[in-house]
Amino acid sequence: MTLLSPAHAGTRPGSTPGSTTPRLELHVPTALARFRRLRAALPGTAVHYAVKANPHPDLLRALVAAGSSFDVASPAEVLACLEAGARPGDLVYSNPIKLRADIVESAGLGVRLFVVDSPEETRKVAEAAPRSAVLCRLVTSGEGSDWPLSRKYGCSTTEAVDVLTLAESLGLEAAGVSFHVGSQQRDPSAWDAPIEASSRVFAALRAAGSSPWLLDLGGGFPAALEGGAPALDAYGAAIRRALRKRFGSRRPRTLVEPGRSIVADAGRVVTSVVAVVHRGDTRWVYLDAGVFTGLVETLDEAIRYRLETTATGPSGPCVLAGPTCDSADVMYEKQPVQLPLSLAEGDEVVLTSAGAYTTCYSTVGFNGFAPLPTHLVG
Ligand SMILES: *Cc1c(COP(=O)(O)O)cnc(C)c1O
């Protein structure tokens, strides 16, 4: 039984086998170049790639070979890193709320560093992974970012001192503090306030006789999405300045957990136009990829991909939508996109800087549309 027309199946007339759409084209060397640039921008800071952005095994292997450490949030991500050749000591388990069984399993695999943000979770880690080390996550405003993360997690500096003091009393190592300034953070000075807050937690703990030693500066570094953002070097400079100002000569060891900034620019989602339809004054362009096929971050039009197309000629505004029947499967409507007026069925539309939070964010087959596949490109 055939339910999908050839256009829906996404094979362009005349296209070569293996170039069906939609697909993510992933160029691992670009991710490695981004890794090296971030590491150069933050000398002395360990780079832990956030696996959730894109867990492709070839990417993880290449990052291990380049000297990356990793940020994980589940035993499956721990295993993916270990299989890629990482050592368990190079992992930070940064999900502040964890399944007890997942802590046990990850500790059994050798993970030693867990993030917490509450007394409840600290007790859970002490029971499930005795004598491990913990970072306490501070809340941040998320201001300046396109995809804020911090409403869900994080505590105040006062609570963090209590959490880390409790951790020590339960036999855990109070390693230090973590935070995340929000993803696609366009303001390099966004790290200033949480670094200052972290320094107060460190000072309080040191005054009480503890020896915190690690500051986790999180992710949030930007990709080349629409709207632009400063270069990674500007972030490195702002962070180094804030660390010097707040910690002086007692600077702790530092790590970052970049996801998007490593892998987004290494990937492009190649789609085909399913149909162009005029509804009143509005031109609707339907692609063969949508919110359920890897473009989840377009929800609320938060992440705005730049578009390229094979069509040419003058452009005009249009609404961009996905192929499923769900009314939520609309990427850009409030702020329409500009695409050539000649755009027609079968033309390719490419979403650039789309290597992060796409393939792994795809549904397993909503409405019969397969998950977004990855094609490695050389
Ligand atoms: C998602 C996440 C990251 C990666 O964030 P990016 O904005 O993609 O760099 C880092 N740390 C934690 C705790 C996260 O949840």
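The values are calculated or read from the model by the stated rules, or taken from the named source; none is laboratory data. Just so you know, these numbers come straight off a predicted model, no measurement behind them. As a convention, Cβ positions derive from the backbone with ideal geometry for all residues, glycine included, and neighbour counts pool all protein chains shown. Ligands, DNA and RNA are excluded from the accessible area calculation, which covers all protein heavy atoms including side chains. Shrake-Rupley method; radii C 1.70, N 1.55, O 1.52, S 1.80 Å.
Structure notes:
- Any strands (runs of 3 or more DSSP E) falling wholly within region 102-188 and containing at least 1 residues that are under 24 Å from the mean Cα position of the chain (by Cα) and more than 13 Å from the ligand (Cβ to nearest atom): 133-137, 173-178
- Test: residue in region 200-222 that is modelled with pLDDT of 95 or more, outside the structural domain of Leu351 (by TED's automatic domain parsing), hydroxyl-bearing (Ser, Thr, Tyr) and within 16 Å of the ligand (Cβ to nearest atom): no
- If the condition is being in a loop (DSSP other than H, G, I, E, B), open to solvent by 10 Å² or more (accessible area, probe 1.4 Å) and within 16 Å of the ligand (Cβ to nearest atom), then region 232-267 contributes only Glu257.
- Scanning region 49-84 for residues that are part of a loop (DSSP other than H, G, I, E, B) and either more than 17 Å from Arg39 (Cβ to Cβ) or among the aromatic types (Phe, Trp, Tyr) (or both) turns up Asn54, Pro55, His56, Ala73, Ser74, Ala84.
- Contacts under 6 angstrom Cβ, first residue in region 152-168 being under 16 Å from Val115 (Cβ atoms), partner open to solvent by less than 40 Å² (accessible area, probe 1.4 Å) and part of a loop (DSSP other than H, G, I, E, B), 6 or more apart: Tyr153/Pro96; Tyr153/Asp117; Gly154/Asp117; Cys155/Asp117
- Checking Lys98 against (1) more than 28 Å from Arg36 (Cα to Cα); (2) open to solvent by 70 Å² or more (accessible area, probe 1.4 Å), the condition it does not meet: (2)
- Residues (among the β-branched types (Val, Ile, Thr) and open to solvent by less than 10 Å² (accessible area, probe 1.4 Å)) located in region 140-199: Val163, Val177, Val181, Ile195
- Residue count for region 355-368, restricted to those that are in a loop (DSSP other than H, G, I, E, B) and either touching a Cys at 6+ places or on another chain (Cβ under 8 Å) or within 17 Å of Leu299 (Cβ to Cβ) (or both): 5
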